[in-house]
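Peer 1: Input: one structure, supplied below.
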């Protein structure tokens with residue numbers, strides 16, 4: 001495998017220097033802090049990532065205040081108390097993106113969040129206690145028990161919450177392959193995901209960097225060289 005120092009140096013050169021690269025990494029995540037996130041905010045982020053999947057993210061962000069109103073501030077208990085007519089009416093509500101399957105996922109995920117919260121004293125508490133070196137296991141759990149939380153949606157959900165998550169974008173996967181990791185071009189198999197997890201964990205030990213930062217450095221080291229300004233506009237507050 002390539003030395004991560006060389007990967008970082010290449011990313012820094014592409015972005016205009018180490019200082020510029022560092023500014024693009026975002027804040028260091030804090031998994032322990034996720035424990036304090038209320039269930040309604042957990043469900044809100046979950047729903048936002050589901051609706052953003054396969055859609056223009058900025059449109060979802062611009063409409064999100066309307067989503068908050070339409071979905072009763074994403075309070076799981078309130079949502080679970082609503083009759084079928086409430087959910088049917090949402091399919092014609094112009095405040096939101098009217099995708100019936102994704103609307104249904106909010107109802108399903110409200111029950112999911114409520115169930116886990118009751119068992120563990122908060123959904124955020126459950127996430128905070130999950131081992132940081134087993135993101136792949138957490139991704140599988142979210143995909144199995146949640147609604148529409150598989151693949152990159154689950155990864156972005158974790159990252160948006162502030163959990164120390166890597167995101168297997170096309171550029172990140174390409175960088176891993178370029179570094180010598182034997183994975184598919186679009187790695188989705190358990191074999192490939194386990195290899196990615198193991199390599200990221202190894203680099204965490206070697207560099208002391210969060211997994212989120214390692215993921216971003218990998219993605220910025222290869223592929224189309226977007227300007228720092230374009231990346232900031234794309235990433236927003238993430």
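Bear in mind these aren't lab numbers, they're just calculated from the coordinates by the rules spelled out. Just so you know, these numbers come straight off a predicted model, no measurement behind them. Ideal geometry is used to build each Cβ from the backbone, glycine not excepted, and the neighbour counts take in all protein chains shown.
Peer 1: Compute the long axis of helix 211-220 from its Cα atoms, compare it with the longest principal axis of the Cα atoms of the chain, and write down the angle in degrees, 0 to 90, nearest 10.
Peer 2: Between helix and principal axis, roughly 70 degrees.
Peer 1: Right, here's the next one. For a paramagnetic label modelled at 7 Å from the Cα of residue 101 toward its Cβ, which residues of the stretch 142-156 fall within the zone defined by backbone nitrogen distances under 12 Å?
Peer 2: Within reach of a label on residue 101, which here means backbone N under 12 Å from a point 7 Å along Cα→Cβ, the stretch 142-156 contributes 148-149.
Peer 1: Percent relative contact order of the stretch 32-132, based on C-alpha pairs within less than 8 angstrom and at least six residues apart?
Peer 2: 43
Peer 1: Please sort 219-227, 158-166, 106-114 by packing, taking for each peptide the average over its residues of neighbouring beta carbons within 10 angstrom, highest first.
Peer 2: 158-166, 106-114, 219-227
Peer 1: May I ask for the angle, rounded to the nearest 10°, between helix 190-207 and the longest principal axis of the chain, with both axes built from Cα atoms and the value confined to 0 to 90°?
Peer 2: 60
Peer 1: Would you mind pulling out the separation of the Cα centroids of the stretch 37-101 and the stretch 126-169, in Å?
Peer 2: 20
Peer 1: Report the calculated FRET efficiency for residue 78 and residue 140 (r = Cβ-Cβ distance, R0 = 25 Å), to the nearest 0.05.
Peer 2: The calculated FRET efficiency here is 0.25.
Peer 1: Assuming a ≥ b ≥ c are the square roots of the Cα gyration tensor eigenvalues, decide whether the stretch 87-202 counts as rounded (a/c under 1.5), prolate (otherwise, with a/b larger than b/c) or oblate.
Peer 2: In terms of gyration-tensor shape, oblate.
Peer 1: What order do you get for 67, 157 when you list them from fewest to most C-beta neighbours inside 10 Å?
Peer 2: Neighbour counts put them in this order, fewest first: 67, 157.
Peer 1: What is the log10 of I(q)/I(0) for the stretch 140-190, computed with the Debye formula using one identical point scatterer on each Cα and no solvent, at q = 0.14, 0.16 Å⁻¹?
Peer 2: Listed by q, the Debye log ratios stand at -0.40, -0.52.
Peer 1: Right, something else. Would you kindly calculate the translational diffusion coefficient of the chain, applying Stokes-Einstein with the Kirkwood radius from alpha carbon pairs, for 10 °C and a viscosity of 1.306 mPa s, and quote it in µm² s⁻¹ without decimals?
Peer 2: It diffuses with D of about 84 µm²/s by this estimate.
Peer 1: Taking the simple approach of a point 7 Å from Cα along Cα-to-Cβ for both residue 1 and residue 94, what is their distance in nm?
Peer 2: Here the answer is 5.3 nm between the modelled labels.
Peer 1: Can you work out D for the stretch 32-132 in µm² s⁻¹ from Stokes-Einstein, where Rh is the Kirkwood radius over C-alpha pairs, the temperature is 4 °C and the viscosity is 1.567 mPa s?
Peer 2: 93
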